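Written out below as structure tokens is the structure these notes cover.
The values are calculated or read from the model by the stated rules, or taken from the named source; none is laboratory data. Given the structure is predicted, the values throughout are model-derived calculations rather than measurements. Cβ placement follows ideal geometry from the backbone for every residue including glycine, while neighbour counts extend to all protein chains displayed. When the accessible area is computed, the model is the full protein with side chains, heavy atoms only, and any ligands, DNA or RNA have been set aside. Shrake-Rupley method; radii C 1.70, N 1.55, O 1.52, S 1.80 Å.
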Amino acid sequence: MTKLIIDGKEIDVPAEYTLLQACEAAGAEIPRFCYHERLSIAGNCRMCLVEVKGGPKPVASCAWGVRDCRPGPKGEPPEISTKSPMVKKAREGVMEFLLINHPLDCPICDQGGECDLQDQAMGYGVDTSRFAENKRAVEDKYLGVLVKTSMNRCIQCTRCVRFATEVCGVPEMGLTGRGEDVEITTYLESALTSELQGNLVDICPVGALTSKPYAFAARPWELGKTQSIDVMDALGSAIRVDTRGREVMRILPRVNEAVNEEWISDKTRHIVDGLRTQRLDRPYIRDNGKLRAATWAEAFGAIAAKVAGTSPKKIGAIAGDLAAVEEMFALKQLLAGMGSANVATQDGSAFDPAAGRASYIFNPTIAGIDEADALLIVGSNPRKEAAVLNARIRKRWRTGKMKIGVIGEKADLTYLYDYLGAGTESLGELASGKNAFADVLKNAKKPIVLVGSGAAARADGAAVLAMAAKLASDFGAIKDDWNGFAVLQATASKVGALDIGFAPSAGNLSVAGMTAPGSLDVLFSLGADDVKVADGTFVVYIGTHGDRGAHRADVILPGAAYTEKSGLYVNTEGRVQMAARAAFPPGEAREDWAVIRALSDVLGHKLPYDSLGALRQAIFKAVPHLIRLDQIEAGDASAIKTLAGNGGNVEKTAFKSSVEDFYLTNPIARASAIMAECSRLASGQILTAAE
């Protein structure tokens, strides 16, 4: 630790701190534009100037290390001042320079009310300018369909350049020109290709980069703000849902160091328009091959009439990717009341809840990636399945302390890796030590074997999981203080479903069995849009959008989207989280659990709860760890050794990611025009602004 005197206050700080960090530790407020704690130091805005006693001029505190400060002539600690007349004059001078070319168009700028330049101009700006020259004009750049540019406002802080290069791993932005002619550009004027590009809007300290879909939509002080969690993938990123009246206007990230740090994916941020289009707002019944609007009583009556003459073994339920724990629990209990145990999630993966929690969660935790020194990715594409987690892997890889191997698709993951092969043969070679990467795993102190949900969803999924678990056990990934067996689930509903036992059990039908011709007479589809149900099955669809599941349904019961209900979700690492209601469902739509509870009454198998609180009490009684919000119930590592002993025959086909198109993975995303445009860009159908 190093002693410093900051504004007359003595403080001990680590020697590797910068002066800016030291000043903030002492309680001083330091203005900044270019400095960002998650990016490298550029030191080019000069707003963070402080005075070092004995120095001839103020210094940039973001780029000046504590260890670079000299002690006084008698060995006294270095003295730093953040409020002296020299500092005040210097910061006012810097602000004057920054505003020379800034257009001062705050009334029409989308950043108004949330702008760092506005805030700091209030503190350090002066009421007049000494410059009478014409302001410099810069042409706006095309960055794609998500980020809007107004480059006259740019102050060349280079945060966007560093973010694109360091965090996204897609170095498509940079500075061209020198001096007065410096411009931020994408060089080729083509759309950005990162799945995290929406975060550029958050880190831009001025209004140069703003959200294109949200342009001129609302001011921040008009919006109601609700803290919630994301369900577009299995990470459970912390988000804030901003609403105006009944409408969701935008989604922003919240800081959660254990999960998403302060980033969210573009799908999380920009599916907002999908929440209001193609919505189901009333019940429907299929008459003579066509759907017609109906009342709730008619819809329930049609279901009751069909169920009445059906054998319990011919009734099943499949849950979709966005289902919360409450509705899955209620649906499972309803089927149990009718004498059926045919329940499953639509991905068809081979995870068995009876094998123990450690067999299907991300055991090392997401934050544990920061400690890992070797990573083997099996049958997964983290960039598509969990873009924010992929950024965390890249962050660790950039330190040079983690080596990565991949078995599966050869894709651009934004970091370098050893490609070991495409399928189970390569996994077998690695397990037998025939590959050089085997030594990397054996010598690692904290290795991770990451298995994708796509590998578990194959016909030989159980055998693949056993093979990966055996490899993890044999190579020392399972230790007393470290469990390196990590399952990267691709959907928000999966871990919660497995926790409550919403999965095929012995003697009951799997997804493949339920969708086979003649296997079921009645199927309850809880937002399951990605399964193809056989003809002749009566489908009751409980969901939010007119997607594939609704097109196939015989009865449609309108439900609530994740922003319209309070719901429990469990992320891929087993962390229990709660999504909060920010808006209300449209029309006659209701929360899914309430729909199932009302239906149970009509079917003669009334569920024993009338409120969300009572339902949750039943859930907590059945699965006690779900009561501990934002905590992880660690799995028993012995479950992985048991899983490893299962064995089984594996096929020689190549592994495939469970996500083909990052932007169109669920009904909300498929209803979004913005996501459709992003998908076309990503597939190469649109290349540049001109085209």
Excluding same-chain residues fewer than 8 positions from Lys621, which lysines have a Cα within less than 17 Å of its Cα? Lys332
Evaluate E = 1/(1 + (r/R0)^6) for Glu166 and Lys410, where r is the Cβ-Cβ distance and R0 equals 30 Å; express this FRET efficiency to the nearest 0.05. 0.80
Scalar couplings 3J(HN,Hα) for segment 105-119 by Karplus 6.51 cos²θ - 1.76 cosθ + 1.60 (θ = phi - 60°), nearest whole Hz, x for Gly and Pro, are 9, 3, x, 10, 9, 5, 7, x, x, 10, 9, 4, 5, 4, 4
Stretched out fully, how many nm does the piece from Ser40 to Ala634 gain, at 0.36 nm a residue minus the Cα gap? 210.4 nm
Whole-Å distance linking the alpha carbon centroid of segment 4-31 with that of segment 520-553 is 60
Under 17 Å Cα-Cα from Lys442, which aspartates and glutamates qualify once same-chain neighbours fewer than 8 residues away are excluded? Glu371, Asp373, Asp418, Glu429, Asp474, Asp480, Asp481
Using modelled backbone amide H atoms (1.01 Å from N, in-plane), which distant-in-sequence or interchain residues come within less than 5 Å of Ala457's amide H? Ala350
Which of Met338, Pro213, Gly75, positive extreme of dipole for the chain (C-beta unit charges): Met338
Heavy atoms of Asp202 accessible to a 1.4 Å probe, total area in Å² rounded to 10: 70
Sticking with the crude label model, points 7 Å out along Cα→Cβ, report the distance from Ala459 to Gln617 in nm, one decimal please. 4.9
Near Ala367, within a Cβ-to-Cβ distance under 10 Å, what is the net charge of the other residues, with Lys and Arg +1 and Asp and Glu -1? -4
Taking the alpha-carbon centre of each part, the distance from segment 580-602 to segment 607-650 in Å is 24
Once the other residues with Cβ under 14 Å from the Cβ of Leu4 are scored (Lys, Arg +1; Asp, Glu -1), what is the net sum? -4
Rounded, prolate or oblate: which fits segment 507-565 when a ≥ b ≥ c are the square roots of the eigenvalues of the alpha-carbon gyration tensor, with rounded for a/c under 1.5 and prolate only if a/b beats b/c? prolate
Quick one: how many Å² of Trp296 are accessible to a 1.4 Å probe, rounded to 10? 50
Cα gyration tensor of segment 557-680, axes a ≥ b ≥ c as square roots of the eigenvalues: rounded (a/c below 1.5), prolate (a/b > b/c) or oblate? oblate
Charge context of Leu488, other residues only, Cβ under 13 angstrom, K/R +1, D/E -1: 0
Between 0 and 90 degrees, rounded to the nearest ten: what's the tilt of helix 461-474 against the longest Cα principal axis of the chain? 50
Entries in Lys446/Lys470; Lys395/Lys434; Lys57/Lys88; Lys434/Lys470; Lys89/Lys141; Lys225/Lys565 that, when Cα-Cα distance is taken, lie over 23 Å: Lys395/Lys434; Lys89/Lys141
Keeping all protein chains in the complex and leaving out DNA, RNA and ligands, what accessible area do you get for Arg670 with a 1.4 Å probe, in Å² to the nearest 10? 50
Skipping prolines and chain starts, which residues have an amide H placed within reach, meaning under 5 Å, of the one on Ala323, given they are 5 or more residues away or on another chain? Ser493
Whole-Hz Karplus ³J(HN,Hα) for segment 390-405, in order, using 6.51 cos²θ - 1.76 cosθ + 1.60 and θ = phi - 60°, x for Gly and Pro? 4, 5, 5, 4, 4, 4, 5, 4, 5, 6, x, 9, 9, 9, 10, x
If you filter segment 470-524 for trypsin sites (Lys or Arg not before Pro), then keep DSSP loop positions with at most 11 other Cβ within 10 Å, what is left? none
How much of the accessible area of the chain, in percent, comes from carbon and sulfur atoms when a 1.4 Å probe is used? 51
Give the label of the value calculated from the structure for mean projected area of the Cα convex hull in nm², choosing from [x] 29.7; [y] 48.6; [z] 33.9. [z]
Using alpha carbons only, how many angstrom separate the centre of segment 223-241 from the centre of segment 127-155? 32
Once amide H atoms are built 1.01 Å from N in the peptide plane, which residues 5 or more positions from Glu261, or in another chain, come under 5 Å H to H? Asn256
Work out from phi, with θ = phi - 60° and the Karplus expression 6.51 cos²θ - 1.76 cosθ + 1.60, the ³J(HN,Hα) of each residue of segment 55-68, listed in order in whole Hz, and give x for Gly and Pro. x, x, 8, x, 10, 6, 5, 6, 10, 10, x, 4, 5, 8
If the chain between Glu10 and Thr399 were fully extended at 0.36 nm per residue, the gain over the current Cα-Cα distance would be 136.7 nm
Eligible lysines near Lys290 by straight Cα distance, threshold 26 Å, same-chain separation 8 or greater: Lys306, Lys314, Lys532
